[in-house]
Amino acid sequence: MSDTDGLVSVRAATYNERENIGELIERTLAAVQQPVRLIVVDDDSPDGTWQVVQAMARAGTAHPAAAAHGRAGPDLSPHGRIGLAQGGVVTWMDCDLSMPPRSCQRFWQRPARPT
């Protein structure tokens with residue numbers, strides 16, 4: 001069994017999401033019933049989104065496992081920074097909370113097989 005068995009990587013790209021990023025991180029970590037590698041990619045948000053992520057990590061409130069900050073350009077494409085993902089499942093979350101974190105687990109759960 002490897003260290004990444006059962007691990008879920010969740011990628012969240014941000015730009016001016018200061019008001020949402022804390023809630024997204026907390027709700028995602030609470031909703032996923034498996035170990036989570038949270039990848040936050042911020043495109044140099046002028047509203048201080050990145051500072052919220054850093055403060056949460058320092059306070060121990062949330063532990064984004066990987067992060068990137070700066071004028072990322074192509075790194076913010078749907079596949080940008082995907083190389084940081086680990087585990088058998090990779091998913092994306094919208095930081096505007098249009099995809100409720102409580103529903104993300106159902107995206108990768110396998111339907112029950114008929115007996």
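Placing dummy labels 7 Å off each Cα toward the beta-carbon, the span from ARG106 to ALA55 is 3.4 nm.
Scalar couplings 3J(HN,Hα) for region 96-104, obtained by applying the Karplus form with A = 6.51, B = -1.76, C = 1.60 to θ = phi - 60°, are 7, 6, 5, 10, x, x, 5, 9, 5 Hz; x denotes Gly and Pro.
In region 1-53, the C-alpha radius of gyration followed by the widest Cα-Cα span (Dmax) gives 12.6, 43 angstrom.
None of the figures in this text is laboratory data; all of them are computed from the coordinates on show. As the structure is a prediction and not an experimental result, all values here were calculated from the model. A quick note on method: Cβ atoms are made from the backbone with ideal geometry, for glycine too, and the neighbour counts reach across all protein chains shown.
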